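Each remark here refers to the structure printed beneath this line.
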Number of protein chains: 2
Amino acid sequence: MKLSKKSDYALRAMIYLSLNYQKGAVQIKEISAKERIPQKFLENILLTLRKVGILNSKMGLKGGYELARSPDLITLGDVIRALDGSIAPVNCVSQMSYKPCTEEVTCVIRGVMMDVRNAITDVLDTMTFADMCKRVKESLEKNENAILTYSI
Amino acid sequence: MKLSKKSDYALRAMIYLSLNYQKGAVQIKEISAKERIPQKFLENILLTLRKVGILNSKMGLKGGYELARSPDLITLGDVIRALDGSIAPVNCVSQMSYKPCTEEVTCVIRGVMMDVRNAITDVLDTMTFADMCKRVKESLEKNENAILTYSI
DNA sequence: TACAATCTCTACCAATCTGGTAGAGATTTA
DNA sequence: TAAATCTCTACCAGATTGGTAGAGATTGTA
C-alpha cells in the first residue's frame, strides 16, 4: 500500500506546474532544481504525463511543459493512475486493470477490498490540483516565514 | 497500492481458522490444501501471525494453529500490518513506521495522504474476522450450490 | 522408547519492480 | 548554424516479492 517515488515526484511536479498555470511553458530543468528531483528521472515522468494527455509540451529552445487543462480538472487520482497504473489494492476490484478472481460471486475478501478501493478513490479522485494550490497558499499564509515546500 | 500475496494468503488462512474457531488446532497442511496456498510459504505466514500474538500454535503430533482470541477481536488491519508492515501510503502518515518528511508543517501532499490512510484504516480496522465469517455464511446461503471460497 | 507428524528457524533463490542513468536524436528559437 | 530543449530507447544496480530447502525441536501414541 505504498505511493511510489515516481508518483510522489509526479504530484510535486504537477503542483509546481499548477502554481505556474497560464504563465507559459516551464522547463524540466527548473522543476528538477526547485523540487530537487533527479532530472533524467523527471523527464520520464513528465513524458508519461504528456502521453496520457495531462500535460502539453513544446520542444526546442524556450520549450517546456504546461498543464493541458485547468488545474481544477485534474485530480491526484489521474496522476497516480498514469504513473503507478492502478489504485485498487487487488485487480479484481480495479477499474483500470480489472481481472476477475476465481470465484467472484462468493469471494468475501473482494467485497472488503472494493470498499477499500472506493475509500481511496473518494479522496484521490475528488482532490484536484486547484485544491492543492489553495492549500499551498493557505499554508504559506499561516507560516509566514516558511519555505515553500510540499514534498513528502 | 497493492495487497501483497502474503497478506492475501494470510487473510484467507485467517478466515479458514475463524470458521474453525474453538474446534481445536488446524494443521498447516489442511489449510494449505483447502486454500491452495504453497505450504512452505504458508508456514512463514502463520509463524509471523503467531509471533505477533494473533495465533497460538501447538507443536508435535496433532499440533496445529488456532486463533489466539475471538474472531470479533481481530481485524483485517491487524493481519495486514503484521505481514506487510504498514498500511499508510507514505511513511510520514504512518502509525507503524512513522518517519517525518522534510517540511512537515507545510507539506500539502502529506495532508491528502493522511486522508487516504484514514480512509483505508476506517475500513480495515473496523472489519473483523467475525464479520468475514458472517459474510461467508450469507454468501453461501444465497448461492446454494456455490463452492465455499473466498480467495482473491 | 521409538517414531511419525507437526511446528520452528535460518538460509537461500529467481523473477520482478523500483529508482535512476546514458546517450543519441528531433525540434525550435535566436 | 548553434544552443537549448524535449523524445526515445536502452540499460543497470539494488530492493522486494513470492517461494523453496532442509535441519532441528516438540509431542502423541503404539
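Residues of the stretch B:56-94 that are within 19 Å of B:Met127 (Cα to Cα), out of contact with any Gly (no Cβ under 7 Å at 6 or more places or on another chain) and within 16 Å of DNA strand D (Cβ to nearest atom): B:Val79, B:Ile80, B:Arg81, B:Ala82, B:Leu83, B:Asp84, B:Gly85, B:Ser86, B:Ala88. Scanning the stretch A:1-34 for residues that are among the charged types (D, E, K, R), under 25 Å from B:Ala119 (Cα atoms) and surrounded by fewer than 16 Cβ atoms within 10 Å (Cβ to Cβ) yields one hit, A:Lys5. Looking at the stretch A:17-40, which of its residues are within 12 Å of DNA strand C (Cβ to nearest atom) and without any contact (Cβ under 8 Å) to a residue 24 or more places away in the chain? Residues satisfying the conditions are A:Ser32, A:Pro38, A:Gln39, A:Lys40. Assess whether A:Met14 counts as being within 12 Å of DNA strand D (Cβ to nearest atom) and within 12 Å of chain B (Cβ to nearest Cβ). When the stated conditions are applied, A:Met14 does not pass them.
Every number in this text was worked out from the coordinates using simple rules, so none of it is lab data. As the structure is a computational prediction, the values presented were derived from the model and not from experiment. Using ideal geometry, Cβ is built from the backbone for each residue, glycine included, and neighbour counts are taken over all protein chains shown.
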